[in-house]
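Reviewing the structure listed below.
The values are calculated or read from the model by the stated rules, or taken from the named source; none is laboratory data. Here the structure is a predicted model, which is why all the values come from computation and not from measurement. Here Cβ is always computed from backbone atoms with ideal geometry, including for glycine, and neighbour counts include all displayed protein chains. Remember, those area values only see protein heavy atoms, side chains included, never the ligands or the DNA or RNA. Shrake-Rupley method; radii C 1.70, N 1.55, O 1.52, S 1.80 Å.
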Amino acid sequence: MGLDYSYEIIVPAQNVARALVELTELAPPTRRMMPLTVTMPGGDQVVVPFTSNFKSEPVDCSTSGRLELDTSIMFGVDDAVREFCGDRDSEPDEFGRIAIGYVYLTVQFAPAPHPRFASLAFTAATSGMSRLFERSASIGAVFTSLTAASGGVCCLLDTESDTFQICWLNGQPIQDTVPGPRFADYRDLVAVWPGHDHLA
């Protein structure tokens, strides 16, 4: 079994479309593929330059509560990214970014632990990419920036251990863990998100 590290972004449920629009801005501009139309639970539609289960047919999430996308994302080149890419024939763009993929995105629109929020989990495709997720500050910055742009409340790095690394919380970058001194468990973390106390 390989490593499956992931960054999880938590956004208010109504912000998923906004998050997907922000994510399209991180897609490689030269990527040639059919755009994919996603119908959201509320009926809104978002078009993304990715595939779902490696297909481009429209996806209807109005009743499924779950969306899976195969993404490629532009990340800034730091030492960890440079080492990961090695001798691949890939030059950084004018912003010093390089495309890395596939990164598998699973969106859960109303997960049981926090049904007023949605979870966007970006999972590395290989063990090498998983280690890159943990080592690269540039990759962490892309996911925290995406959290901020999407109005997200939290960003976590899951390294398949008993501890999650908290990268973003309620509008601020943060370096903390759950469990840890501040949060004994995941429930304690959810308790500080805005709006958690209005759960039905």
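Think of the range 1-136 as a dipole: +1 on every Lys or Arg Cβ, -1 on every Asp or Glu Cβ, centred on the Cα centre; then among Leu105, Gly65, Pro49, Gly65 lies furthest on the positive end. Only Cα pairs under 8 Å and at least 6 apart count here; give the relative contact order of the chain as a rounded whole percent. Once normalised by length, the contact order is 25 percent.
For the range 1-108, applying the loop criterion from DSSP together with a ceiling of 13 other beta carbons within 10 Å to the trypsin sites (Lys or Arg not before Pro) yields Arg31, Arg32, Arg88.
In plain terms, if you count all Cα to Cα distances in the range 19-65 and split them into 5 Å steps from zero, the share in each step is 5, 22, 28, 28, 12, 4, 1 percent. To put it simply, the accessible area of the range 31-177 at a 1.4 Å probe is 49 percent carbon and sulfur. For the range 133-200, the relative contact order comes to 20 percent (Cα pairs under 8 Å, sequence separation of at least 6). Counted over all Cα-Cα pairs of the chain, pairs farther apart than 22 Å make up 48 percent. Rounded to whole numbers, the Karplus 3J(HN,Hα) couplings from phi for the range 179-186 are x, x, x, 8, 10, 5, 7, 4 Hz, using 6.51 cos²θ - 1.76 cosθ + 1.60 with θ = phi - 60°, and x at Gly and Pro. When the GluC sites (Glu not before Pro) in the range 44-125 are filtered for DSSP coil states and for at most 12 other beta-carbon atoms within 10 Å of their beta-carbon, the remaining sites are Glu94.
Distances between placed amide hydrogens fall under 5 Å for Leu3 paired with Ser127, all partners being 5 or more residues away or on another chain.
First check a/c for the range 128-192, with a ≥ b ≥ c the square roots of the eigenvalues of its C-alpha gyration tensor; if it is under 1.5, answer rounded, and if not, answer prolate when a/b is larger than b/c or oblate otherwise. Here the range 128-192 falls in the oblate category.
Among the chymotrypsin sites (Phe, Trp or Tyr not before Pro) in the range 31-85, those located in a DSSP loop and surrounded by at most 15 other Cβ atoms within 10 Å of their own Cβ are Phe54. Taking amide H as placed 1.01 Å from N in the peptide plane, the amide H of His114 sits under 5 Å from none that are at least 5 places away or on another chain. Here is the tail figure for the range 1-120: Cα pairs spaced more than 25 Å apart come to 29 percent of all pairs. In terms of packing, defined here as the mean over residues of other Cβ atoms within 10 angstrom, the peptides 135-143, 164-172, 39-47 line up highest first as 135-143, 164-172, 39-47.
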